[in-house]
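Here's the structure we're looking at; comments come further down.
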Amino acid sequence: MFHVGFVCAEYRRRDGDGDDELVGGSGLSRSPSRSRMIKRLESLNTVISSIWWVFGFYWIVVGGQPLLQDAPRLYWLTVVFLAFDVFFVIFCIGMAFVVFLALFCCIPILAIAYAVASTEGASEDTIRSLPKYRYRPATVLSTFNNLGMEEVLGARSGLGNNGSSGELFLHSEDSECCICLSSYVDGAELYTLPCNHHFHCSCISKWLLINATCPLCKFNILKGDTLV
């Protein structure tokens, strides 16, 4: 009954605050102090109710037979209330366990399943259709100017798309396979992905059979997008 009274008082206070704001803000000076007092009384009532619940539960369990003989209706009414409280507590604990199980078990399993589904490998035909080049170290003559370099690379790219190996000129700082972490040697066969990243043919072929994404930028060569 005390709790119902506190709820009604809080509801009337909020309703009164809304009316005061519509009128012009009168009575706002006493609302905060009254609200704090109601909240403190409500908290105190909650603590006392919890303690009283523990003592009442103990008395019902220990003195059940005398109470049943003297006041059977009051006894069974109390038992019903206590059973409802116990059921509510068990229900809350069960829901918390279900939420915990969903967060720490189901969600990681779904995430792993999604990751496995999104990292399917590419077929051998798809891998063989990638542009294939032979690595050549970039020299001073081949990089005389950027325009000449672009023209050479454009001509070589056309050769690679026809099935024969073109030549790919790379500087020393960019001539390393990130899969095996080995530097390219002159004449090594390379595959270039649509994202313009290059790797050893053997290294990237094994990788793409398991995961059809670029090891550097996660570009999916099957779907044509980047995984985030």
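For the reader, a short list of remarks on this structure follows.
- Summed residue charge, Cβ within 11 Å of Ser175's Cβ, Lys/Arg positive, Asp/Glu negative: -3
- Partners of Lys132 within straight-line reach, counting lysines whose Cα lies under 23 Å from its Cα and excluding those fewer than 8 residues away in the same chain: Lys206, Lys218, Lys223.
- Each label point was placed 7 Å from the Cα along the Cα-to-Cβ direction; for Ala96 and Phe81 their separation is 2.4 nm.
- Nearest-0.05 FRET efficiency for Arg13 and Lys206, computed from C-beta distance (R0 41 Å): 0.05
- Calculated FRET efficiency, Gln65 to Lys39, Cβ-Cβ distance, R0 = 45 Å: about 0.60 to the nearest 0.05.
- Note on Leu74 and Val47: with the Förster distance fixed at 35 Å, the Cβ-Cβ geometry gives a FRET efficiency of about 0.90.
- Annotation: amide H of Leu168 within the under-5 Å range of Arg134, Tyr135, Arg136, sequence separation 5 or more or interchain, hydrogens built in the peptide plane.
Values quoted throughout were computed directly from the atomic coordinates according to the rules given, and no laboratory measurement underlies them. These figures come from a predicted structure and were not determined experimentally. Neighbour counts are summed over all protein chains in view; Cβ atoms, including those assigned to glycine, are modelled from backbone coordinates with ideal geometry.
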